[in-house]
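In what follows, a single structure is set out as structure tokens and then discussed.
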């Protein structure tokens, strides 16, 4: 696909680190952030919330235990998890090498990859 402001390829954007999960912004606009969060087995993302912003996790590959509010469940490839604005959420533990597409609207303030 040729470079474009409107068409992006997510293939090959996944990056992994043995030290901590990685975050890559695919698109960051004034009202939407879409990115990839990549986890090695055993890695986690602390439970946090976004005031005034909804977020989703779409598991592209792998499997992870994800918490939203008082619920924690395993989510695998093809599953969607929604965290409404203000509801605590996070990846408790990656059970396999996992790629998660995240979307948050509106995006949090801060540098690229900081808060998805």
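Note down all Cβ pairs under 7 Å where the first residue falls in the range 63-78 and is more than 16 Å from residue 45 (Cβ to Cβ), the second is part of a strand (DSSP E or B), and they're at least six residues apart or on different chains.
Close Cβ pairs satisfying both conditions: 76/59; 76/63; 77/59; 77/60; 77/61; 78/59.
Given the criteria more than 16 Å from residue 11 (Cα to Cα), modelled with pLDDT under 95 and in a loop (DSSP other than H, G, I, E, B), does residue 107 qualify?
yes
Residues in the range 44-73 that are part of a loop (DSSP other than H, G, I, E, B) and in contact with a strand residue (DSSP E or B) (Cβ under 6 Å, 6 or more places away or on another chain): how many?
Total satisfying the criteria: 6.
Checking the condition over 12 Å from the mean Cα position of the chain (by Cα) and either modelled with pLDDT under 95 or surrounded by 14 or more Cβ atoms within 10 Å (Cβ to Cβ) (or both), which residue from 90, 76, 52 passes?
The unique qualifying residue is 52.
Name the single residue that is farthest from residue 79 (Cα to Cα) among those in the range 27-47 being in contact (Cβ under 8 Å) with a residue 60 or more places away in the chain and surrounded by fewer than 19 Cβ atoms within 10 Å (Cβ to Cβ).
30
The values are calculated or read from the model by the stated rules, or taken from the named source; none is laboratory data. None of these values were measured; they are calculated from a predicted model. All Cβ positions, even for glycine, are placed from backbone atoms using ideal geometry, and neighbour counts span all protein chains on display.
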